[in-house]
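The block underneath contains the structure these notes are about, expressed in structure tokens.
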Amino acid sequence: MKKHKKINYLANSNYASDYSGGIYIGYQYGPNFDFYLVPPTPKRDAMLAFNKISSTGIYTENQTQKNRMTEIRNDISNKHTYKEIYPLLKQALAIKGGKHASLITPSEVKKEVSQYKAPTSSVKNNILYVHLPEFNGSSSQGKRYANTIYYKLTSKTYKGIIIDLRNNLGGDIGPMLAGISPVVPNGKLFEVVNAANKPTSVTFQGSVTNNMGTKIDLGKVKKSQEFLLR
């Protein structure tokens with residue numbers, strides 16, 4: 001193994017500054033991209049989640065709720081385990097996200113993976129009926145979910161297509177849209193507006209959803225012009 005010369009940080013102060021700055025940026029902002037220089041502690045994990053809830057929540061707090069959010073932040077800083085922290089994050093979600101926001105813990109993710117439900121379909125009178133259940137599974141299950149229905153949509157030509165979303169409680173939108181991508185137009189789908197009135201466009205290209213959900217790339221997708229959703 002080659003020996004490397006030690007870097008003289010006093011003689012190379014600019015390098016040392018850049019290097020330490022890189023470490024700080026990686027430590028501070030890396031978790032936003034699922035990158036960690038060191039394993040996160042429960043408290044740091046919770047503060048990252050809390051800050052994300054605060055910045056992306058769609059509801060503006062009244063003064064009572066603002067005070068409660070401050071209390072939650074302070075409470076988190078005094079906790080040391082996920083068991084203590086999860087109830088606090090759920091309270092923050094209820095304030096900033098309302099009834100449409102929920103906290104999914106690692107154990108609940110494992111449960112979702114174990115209870116994976118695939119899309120189902122049937123054909124009658126040359127009309128394809130598709131039922132899309134909610135999805136919160138793993139990335140490999142997401143690809144499987146999408147391919148299950150994508151194959152049905154592209155294997156033949158139909159007189160009509162019915163997409164049934166009954167009892168679909170939501171979850172990861174990426175695999176759902178990828179599965180029916182032949183009938184989903186490219187371009188902007190909708191906007192998500194947070195409490196600061198800042199919009200984020202959710203766009204679609206081929207089979208990939210951008211700015212929301214898991215990206216599922218099924219290759220070149222031929223759009224069924226007569227059935228494109230409007």
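Backbone amide hydrogens, once placed in the peptide plane, bring residue 164 within less than 5 Å of 130, 131, 132, excluding anything fewer than 5 places away on its chain. Once both labels are positioned 7 Å from their Cα atoms along Cα-to-Cβ, the gap between residue 167 and residue 48 label points is 3.7 nm. A Förster radius of 45 Å, combined with the Cβ-Cβ distance separating residue 191 from residue 80, puts the computed FRET efficiency at roughly 0.70. Length available on full extension from residue 94 to residue 114: 0.36 nm per residue minus the Cα-Cα distance, which gives 4.5 nm.
Taking amide H as placed 1.01 Å from N in the peptide plane, the amide H of residue 184 sits under 5 Å from that of 229, each at least 5 places away or on another chain.
The count of lysine pairs in region 84-126 whose Cα atoms are under 27 Å apart, excluding pairs fewer than 8 places apart on the same chain, comes to 9. In order along region 75-88, the Karplus-derived 3J(HN,Hα) couplings, from 6.51 cos²θ - 1.76 cosθ + 1.60 at θ = phi - 60°, round to 5, 4, 5, 9, 9, 10, 10, 4, 4, 6, 7, 3, x, 5 Hz, and Gly and Pro are given as x. Amide H to amide H, with H built 1.01 Å from N, residue 195 comes under 5 Å of 57, 58, 59, counting only residues 5 or more places away or on other chains.
The string of couplings for region 101-108 from the Karplus curve (6.51, -1.76, 1.60, θ = phi - 60°) is 10, 8, 9, 10, 7, x, 5, 6 Hz, one whole number per residue in order, with x for Gly and Pro. Sequence-ordered 3J(HN,Hα) estimates for region 182-197 from the Karplus curve with 6.51, -1.76 and 1.60 and θ = phi - 60° stand at x, 10, 9, x, 5, x, 6, 8, 6, 10, 10, 10, 8, 5, 8, 6 Hz, glycine and proline given as x.
Computed from the coordinates by the stated procedures, all read-outs in this text should not be read as laboratory data. These numbers come from a predicted model, not from an experiment. Every residue, glycine as well, gets a Cβ built from its backbone with ideal geometry; the counts of neighbours run over all protein chains shown.
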